[in-house]
1. Only one residue in A69, A73, A80 is touching a Lys or Arg at 6+ places or on another chain (Cβ under 9 Å) and over 28 Å from R33 (Cα atoms). Which one?
2. Examine segment 191-204 for a residue that is among the basic types (K, R) and either under 24 Å from A2 (Cα atoms) or in a loop (DSSP other than H, G, I, E, B) (or both), and state whether such a residue exists.
3. Would you pick out the residues in segment 13-25 that are over 15 Å from A80 (Cα atoms) and of a type in the set (D, E, K, R)?
4. Name, by its number, the condition in (1) in a loop (DSSP other than H, G, I, E, B); (2) of a type in the set (A, V, I, L, M, F, W, C); (3) closer than 25 Å to G221 by Cα that does not hold for L158.
5. Identify, from the list D27, D74, D32, the residue that is over 14 Å from the mean Cα position of the chain (by Cα), of a type in the set (D, E) and under 19 Å from A147 (Cα atoms).
6. Of the residues that sit in segment 23-51 and are part of a loop (DSSP other than H, G, I, E, B) and free of Cβ contacts under 8 Å to residues at least 24 places away in the same chain, which one is surrounded by the most Cβ atoms within 10 Å (Cβ to Cβ)?
7. Is at least one residue of segment 108-124 part of a strand (DSSP E or B) and under 23 Å from L86 (Cβ atoms)?
Amino acid sequence: MASPLYRRVLLKCSGEALMGEGEYGIDFGTVDRIAEEVVAARAMGVQVCLVLGGGNIFRGVSGATKGMARASADYMGMLATVINGLAMQHALETRDVETRVMSAIPMASVCEPYIRRRAVRHLEKGRAVIFAAGTGNPFFTTDTAAALRAAEMGCDALLKGTQVDGVYSADPKKVKDAVRYETLGYMEVLSQDLKVMDASAISLARENKIPIVVFSLHEPGALARVLCGEGRCTIIQGD
C-alpha cells in the first residue's frame, strides 16, 4: 500500500453507524471493527482524532419535533455522544491505543474537558483523541463539531465514514440510477443541497481549506486505503 497522504486526520462517524444491524444502541462488534480501522491508520504513522454522532441513542432534532425544546433535545444528543465516545475509548485501549475522551460539556468524573492546546498535545504524544458533546452548544450538529475540531487541530483532512462509498446525486438505496461523484467542490455540495454534511460544516471546511473525504465504513481496510488516496470515495475540496 502507498504512503499516507495525510499526517493528521479527523474521522467523523455517525451514531447510526455504531448500531450495526440493530435499530438502537451500540453494536460493540461494529465499534471494535472501527477501532481496528483506527489502529491500522495509526500503524501507518497517521495521527487520528474522532467525532462520533449520538443518533444511535438520541437525536436532538427528532426530540424537538415531538414537542421538546430544541435546546434541551440537543443537550441530550450531546450526552449520547459521550456514551459513544467512552465505548470507542474502551475498544481502542483494549488494542493498546492510549485514548482520551474530551467533552465540550465538562464532566470531569468520566472524561477530560475540551482544551484545544491539551488536545493537540495528546495527538503529538501519539494518543487518539475522541471529541464528545459536539461543540457544547445547541443548534449545532456533530458534523459542524467535526469540521470545527478538524480546523482547531490543524487536520489535513476530515474523513466522513458513512453507510455508502461516497456522495451520490440521490440516496442510492432508494434511487437505482443515482450517480456517484468522484470529486466535488464545496460550493457544488451547497448549491445542489447534497446531503453529505450540514451547510455550516461544509462552509467551515471550505473556509479552512480542509478536504472532506466521504467513504464507506462497512468495507474492511477502507480507512487505510482512503488515507493513501486509494479505494472508493468522494473528495470534496476547492471549488
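1. Just one listed residue meets the conditions, A73.
2. Yes, some residue in segment 191-204 is among the basic types (K, R) and either under 24 Å from A2 (Cα atoms) or in a loop (DSSP other than H, G, I, E, B) (or both).
3. E21, E23
4. Going through the list (1) in a loop (DSSP other than H, G, I, E, B); (2) of a type in the set (A, V, I, L, M, F, W, C); (3) closer than 25 Å to G221 by Cα, L158 breaks only (1).
5. Every option except D74 fails the conditions.
6. Applying the filter and picking the extreme gives D27.
7. yes
Only the coordinates and a few stated rules stand behind these numbers; no lab work does. The structure displayed is predicted, hence computed values, not measured ones. Note that we place each Cβ from the backbone using ideal geometry, even for glycine, and neighbour counts take in every protein chain shown.
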